[in-house]
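Worksheet: one structure, shown below.
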Amino acid sequence: MALPKTLKAMVLFHGDQTWLGEVSNVTLPKLTRKTSDWRGGGMPAGVPIDLGMDNLGELTFTAGGPMQKTLSAFGGTLTGLPLRFVGEYKQQDTGLIDVIEVSVRGRYSDIEFGDQKVGDIGSFKGTIKVSYLKIVWNGSTIVELDPLLGTEIVDGINVGSTLLKTLGLI
């Protein structure tokens, strides 16, 4: 039996700028695959057929107040916005630490100022539609997804399409 990991510390980077102490929470992208149920003749039940990756989802964050760099990047290019989340997770029963980094590129789809009240900590939210995603666990790349380059690497194996390589494009 093992106890859960607890996020002990985190920071979000916007390009080369660190948002240490400014961001209170981050929602990382959800990984999904497109599937379609298939039940052929003689099969007692259907099975999900893999149709490839779904969109890479969104990364959202909440900060304590307006952030100029976020506003300055609104409406940028599809791959122009680099964000990197670094989190330190502690295993409660063993004390072991895992460092997980999630790097994304994309563009802001939503920037929300939220409620602003004198004397209160403000709320400022950003949502990025992701066009590139890389997950590094304790220094090892576990997932790297780049639909624009045809890259779909999972645990060191490119499970994506070989079409671009076959055509000599990569």
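Laboratory data are not the source of any read-out in this text; all were calculated from the coordinates shown. It should be emphasised that the depicted structure is a prediction, and the values quoted were computed from it without experimental measurement. Cβ coordinates were reconstructed from backbone atoms using ideal geometry, including for glycine residues, and neighbour counts include every protein chain displayed.
Before moving on, here are some points about what is shown:
- Among Glu112, Glu101, the ranking by other beta carbons within 10 Å of each residue's beta carbon, starting with the fewest, stands as Glu112, Glu101.
- Sorted ascending by nearby beta carbons within 10 Å, beginning with the fewest, Thr35, Thr6 become Thr6, Thr35.
- Here the Karplus curve 6.51 cos²θ - 1.76 cosθ + 1.60, taken at θ = phi - 60°, turns the phi angles of segment 24-37 into couplings of 8, 7, 9, 10, 7, x, 8, 8, 9, 10, 7, 9, 9, 6 Hz, with x standing for Gly and Pro.
- Calculated FRET efficiency, Met10 to Lys165, Cβ-Cβ distance, R0 = 45 Å: about 0.80 to the nearest 0.05.
- Under 5 Å, built H, 5+ apart or other chain: amide partners of Thr151: Asp146
- Using a cutoff of 8 angstrom between alpha carbon atoms and counting only pairs six or more residues apart, the relative contact order for the chain works out to 20 percent.
- Ratio of the Cα radius of gyration of the chain to 2.2 N^0.38 Å, where N counts its residues: 1.25
- Close lysine pairs were tallied over the chain: pairs 8 or more places apart or on different chains with Cα atoms under 25 Å apart number 23.
- Remark: segment 104-116, residue by residue, has Karplus-estimated 3J(HN,Hα) of 9, 10, x, 9, 5, 9, 9, 10, 10, 6, x, 6, 10 Hz, where x stands for each Gly or Pro and the curve is 6.51 cos²θ - 1.76 cosθ + 1.60 at θ = phi - 60°.
- Placing R0 at 22 angstrom, the Cβ-Cβ distance between Asn158 and Thr77 gives a FRET efficiency of 0.30 after rounding to 0.05.
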